[in-house]
Amino acid sequence: MNNQTVVGSEYDKRYKKYKDEIMSLYFSLYPNDHKAYDYFLSVLKKAFNDRAQNLKCLDEERIKSSDWYKGRNLIGMMMYVDSFAGNLQGVYEHLDYIESCGINYLHLMPLLESPSEHSDGGYAVSDFRKVQPTLGTMSDLNRLSDACHERGISVCLDFVMNHTSEDHEWAKLAKKGDPVNQSKYFMYDNWDIPNLYEASVPQVFPQTAPGNFTWCEEANKVVMTTFYPYQWDLNYANPMVFNDMLDNMLFLCNQGIDIIRLDAVPYIWKELYTSCRNLPQVHKLIRLMRLACEIVCPGTLLLGEVVMEPSKVVPYFGSIEKPECHLLYNVTTMATTWHTIATQDTRLLRHQLTQVFSMPKEYTFLNYLRCHDDIGWGLDYPYLQQFGQMEIPHKKYLNDFLTGKLSGSFSRGELYNDDPRLGDARLCGTTASLCGIESALESNNEYALADAVTLDIMLHAYMLTLSGIPVLYSGDEIAQLNDYTYRNDLYKMKDSRYLHRGKLDWNAVENLKDDSSNVVSQVFNGIINLEKLRRFYPVFEGKADVWIINNDNDHILGIGRYHNGEKLTALFNFSHTTQNVPVEEGSYLDLVTGENKQSTTITLNPNSFVWLMQNLK
Ligand code: GLC
C-alpha cells in the first residue's frame, strides 16, 4: 500500500469526522482567512504522509484501546538528558537502568537547540527541528524513541510553544526590522501599550526577570517577554504562528514522541486589559491541536502544563465530548503535600483530595512530588483561613520550615523568586533533601536518617496510591541530595531551580544493593517494591472508586480505594510521633510486609504508612 492510498482513505475519513468543528474553531480565531486555513490543512496532510508506518500501527493500536494511559501500568520519570547521562546516546545506553526503575513513561526535558548561556533549562528554543548539538542529533532522538517503543516505554517531550529564543530565526529577522517576522511577536515602538499590559498582567519571575516586556536595542522596539527577556512571546493571533508552530509540533510527534508537554500553555493568547492567562482563545487553540493530532497521530497524548489553581486547571481537560488535554499536572495536590509535611496537619490535603476524587474518572492527572521547577504555594487560602492561617504569614512559615530555619525542621530547601513586596517566595530542593536525608547525613544522626528515609518512602507510597500517572524526578529514586554547584555557574547562579536538577550520581547507582544496607538502596528498593504492588493489584486502576477515609486524627491521611472486590485502606502518618489509628473490623493483608492483620487499631510510626488490602469477593 503506498502512502497516497492511505491519505485517500484514512486521512479523509478522520478529517471528515472533525471538519465542521475544525473550520468553526479556525475561522472564529482567524476570521475569513481561507489562505491560512488551506495552509493549515497542507500542514496536516504533509505530517500524515510523513508519519512512519510503525507509528501509524501504534496509532491504530491506541485507537482500539483508547484508555491505554489511564490504568495502573504507566509509571513515569522525568529527566534532563545531560544530567542523566550526558547526551541522547547515554540515555540509550542506560535504558536498562530506566527499566529497572520500573519506568515506562520517559519525559525527556527540553532538548532542542537553545543558546547555552540564555536557555532557561532548554525552554528558550532557537530551532524546533534540531537537537541541541551537545545532546545529539534528530536521528539519535529517533533511535532512542524506537528503542523505547520496543521496550514498551512511551516518550514525552516538551513543546515550548509560548515563546521562542531571541536567537530563533524569526526573532533574528524581526530584530533586523523584517515586518513579517515582527508580526509573529508582540513588538512596539514605545512603552505606551506595554505599560497598559503591565497594569493587568502579573509577573512570572518577579525577581529573576521582572516585568513582561524588554527593550530590544537592535530592533529599536519593546518586545513582550513574559518569562525571561530572551524568551520572546509568540503572537498566536497571527495564523502564520499557529500554522508553523503546529507544523513543528507534528514534526516532533513524527519523531516517535508519544506525549507532547504543552509548556506554559495558559499564556499563549494575549489581550490588552486582561491577565493574559487562560483566555478562551487558549482553549480553542488546544482543541485545534488536539483535533490535528486525532487526524495525524491519534496515538499521541497532550499533557498541559497548567500551574494554576484547580478551577483554572480542570477546564484544560475540555469536555467529555470535546476533550482538550489528555493529561494535566496535579499541581495543587503537589503543593498541598509539602504544606502537609511542614504543618503535620492533613486537613487541607484531605479537602484538596476530596475535590480531586470527585472529578470524572476520565480525567487523568500526572502525580508528582516535585519536578524541575520550584514548588509554588498555590494553596486554598480561603479554606486555611478558618484555622487562622493567613496567606502571607503561612507562606513564610512553609518557606521557613522547608529551608530548615525553624527549630525541629529537617528540610534543606532554598527560596526561589523571593518577592519581599508580596511575601510570595517559592521553594526548591530535591525530595530527599526536603525530607531530611541531607541534614541527617550531615549531622550523622542515624535516628533522624531513619525517619527521613521513612518519610521519603511514605511520600512515594502516597503518590502511587493516587489514580493517574505517577512521575518520579530522576535521582529521587536514589534519594539524591541538592546540588549546590549551580552557585558557581554564571548562567545558573541566579536560578535556584538548578538546586534540584543535579547530575545523576552513577556511583550511587552502582552501589545499589538488593538489601537495605545503605540509604540509597533502602529508598530505591522501597520505591520499586511499591511500584510492583501498584502494577499487580487492580485496586490501583484508574477506574477504581477513591475516597478520603475520615478519622478524628489530623495527622493522618486515609485514602480508600475499591475495585472489583478489592478494597485498599491506605493510611499515612504525616506527624513526627507514633499514631494509633482505628480501622474497621476485618481481615487485612499488609501489602508491604505480607502480614495478615485482624486488629481494629493500626499503629503507625512517625512518617510511616500502610497499604491494607481486603478481598471482598
Ligand atoms: C515552564 C517550564 C519552566 C520554564 C517556563 C518558561 O513553566 O516548566 O521551567 O521556565 O515554562 O518556558
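The values are calculated or read from the model by the stated rules, or taken from the named source; none is laboratory data. Just so we're clear, the structure is a prediction, and the values are computed from it rather than from any experiment. In this analysis, Cβ positions are derived from the backbone assuming ideal geometry, glycine residues included, and neighbour counts consider all displayed protein chains. Ligands, DNA and RNA are stripped out before the accessible areas are found, and what is left, the full protein with its side chains, is counted by its heavy atoms. Shrake-Rupley method; radii C 1.70, N 1.55, O 1.52, S 1.80 Å.
Take Arg561 and tell me if it is of a type in the set (Lys, Arg), part of a helix (DSSP H, G or I) and touching a residue at least 60 places away in the same chain (Cβ under 8 Å). Before you say what the answer is, go through the steps one by one.
On the way: of a type in the set (Lys, Arg): yes; part of a helix (DSSP H, G or I): no; touching a residue at least 60 places away in the same chain (Cβ under 8 Å): yes.
No, not satisfied.
Scan segment 215-245 for residues that are of a type in the set (Val, Ile, Thr) and within 19 Å of Arg261 (Cβ to Cβ) and jot them down. Talk me through it step by step, then tell me what you get.
First, pick out the residues of segment 215-245 that are of a type in the set (Val, Ile, Thr): 222-223, 225-226, 241.
Passing the criteria: only Thr226.
So that you can scan it fast, the table gives a plain yes or no per residue for (1) over 30 Å from Ala432 (Cβ atoms); (2) away from the ligand (no atom under 16 Å from the Cβ); (3) part of a helix (DSSP H, G or I); (4) open to solvent by less than 20 Å² (accessible area, probe 1.4 Å):
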site: Met249; (1), (2), (3), (4): yes, no, yes, yes
site: Pro315; (1), (2), (3), (4): yes, yes, yes, no
site: Leu328; (1), (2), (3), (4): no, no, no, yes
site: Thr333; (1), (2), (3), (4): no, yes, yes, yes
Self-check item: One residue from Ile295, Ile260 being open to solvent by less than 20 Å² (accessible area, probe 1.4 Å), more than 16 Å from the ligand (Cβ to nearest atom) and either in contact with a helix residue (DSSP H, G or I) (Cβ under 6 Å, 6 or more places away or on another chain) or not in a loop (DSSP other than H, G, I, E, B) (or both)
Solution: Ile295
Practice problem: Return the residue satisfying two criteria in turn: it lies in segment 377-387 and is assigned to a helix (DSSP H, G or I) and either among the small types (Gly, Ala, Ser) or under 16 Å from Ser311 (Cβ atoms) (or both), and of such residues it is nearest to the ligand (Cβ to nearest atom). | Solution: Tyr381
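Restricting attention to segment 382-408, report how many residues are within 30 Å of Gly76 (Cβ to Cβ) and open to solvent by 20 Å² or more (accessible area, probe 1.4 Å).
Total meeting the criteria: 3.
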Self-check item: Residue identified as in contact with a strand residue (DSSP E or B) (Cβ under 7 Å, 6 or more places away or on another chain), modelled with pLDDT of 95 or more and either surrounded by 24 or more Cβ atoms within 10 Å (Cβ to Cβ) or hydrophobic (A, V, I, L, M, F, W, C) (or both) among Ile437, Ile457, Ile469, Ile478
Solution: Ile469
Self-check item: Of residues in segment 171-222 being within 34 Å of the chain's Cα centre (by Cα) and charged (D, E, K, R), the one most open to solvent (accessible area, probe 1.4 Å)
Solution: Lys172
Quiz item: Any residue at all in segment 365-376 that is closer than 18 Å to His555 by Cβ, touching a Pro at 6+ places or on another chain (Cβ under 9 Å), at pLDDT 95 or above and not in a loop (DSSP other than H, G, I, E, B)?
Solution: no
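Look through Ser83, Ser100 and report the one residue that is surrounded by fewer than 21 Cβ atoms within 10 Å (Cβ to Cβ), within 16 Å of the ligand (Cβ to nearest atom) and more than 21 Å from Glu166 (Cβ to Cβ).
Details: Ser100 fails: within 16 Å of the ligand (Cβ to nearest atom).
The conditions single out Ser83.
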Practice problem: Name the residue, out of Ser275, Ser311, that is more than 24 Å from His107 (Cβ to Cβ), open to solvent by 10 Å² or more (accessible area, probe 1.4 Å) and either without any contact (Cβ under 8 Å) to a residue 40 or more places away in the chain or outside any loop (DSSP other than H, G, I, E, B) (or both). | Solution: Ser311
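From the set of residues in segment 1-41 that are hydrophobic (A, V, I, L, M, F, W, C) and modelled with pLDDT under 95, which is farthest from Cys297 (Cα to Cα)?
Step one: filter segment 1-41 for residues hydrophobic (A, V, I, L, M, F, W, C), giving 1, 6-7, 22-23, 25, 27, 29, 36, 40-41.
Now restrict to residues that are modelled with pLDDT under 95: 1, 6-7.
Numbers: Met1: 19, Val6: 13, Val7: 13 Å.
Going through the qualifying residues, I end up with Met1.
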